[in-house]
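Worksheet for the structure shown next.
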């Protein structure tokens with residue numbers, strides 16, 4: 001995970017415009033996949049703990065990699081990056 005984190009932070013440093021595509025598997029009758037896309041500029045990469053007391057990770061917390069992103073409308077959002085997340089660099093708009 002450390003090598004993967006370093007690769008992501010080097011490939012998408014703060015200031016990089018990106019589109020983040022996340023996939024969530026629903027566990028109802030049909031086990032459907034739901035996709036969402038978020039467009040913005042990378043603000044920061046962080047490892048933050050969950051509030052999960054049962055995770056049995058460092059300090060009894062599960063630490064997840066999060067991407068702080070500034071969306072086009074100025075909103076700041078914090079996305080959890082997992083194995084089903086893909087990130088692509090966006091090219092700056094040309095006049």
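The values are calculated or read from the model by the stated rules, or taken from the named source; none is laboratory data. Since this is a predicted model, take the numbers as computed values, not measurements. Note: ideal-geometry Cβ built from the backbone for every residue, glycine included; neighbour counts use all protein chains shown.
Applying the criterion of being surrounded by 13 or more Cβ atoms within 10 Å (Cβ to Cβ) and out of contact with any helix residue (DSSP H, G or I) (no Cβ under 9 Å at 6 or more places or on another chain) to the residues of region 58-70, the residue that is modelled with the lowest pLDDT is 61. For residue 20, the requirement of being modelled with pLDDT of 90 or more and under 11 Å from the mean Cα position of the chain (by Cα) is met. Within region 75-95, the residues that satisfy the criterion of being modelled with pLDDT of 90 or more and touching a strand residue (DSSP E or B) at 6+ places or on another chain (Cβ under 7 Å) are 76, 77, 78, 79, 80, 81, 85, 86, 87, 88, 89, 90.
Screening residue 36 on (1) surrounded by 10 or more Cβ atoms within 10 Å (Cβ to Cβ); (2) modelled with pLDDT under 85; (3) not in a loop (DSSP other than H, G, I, E, B) shows it passes everything except condition (2).
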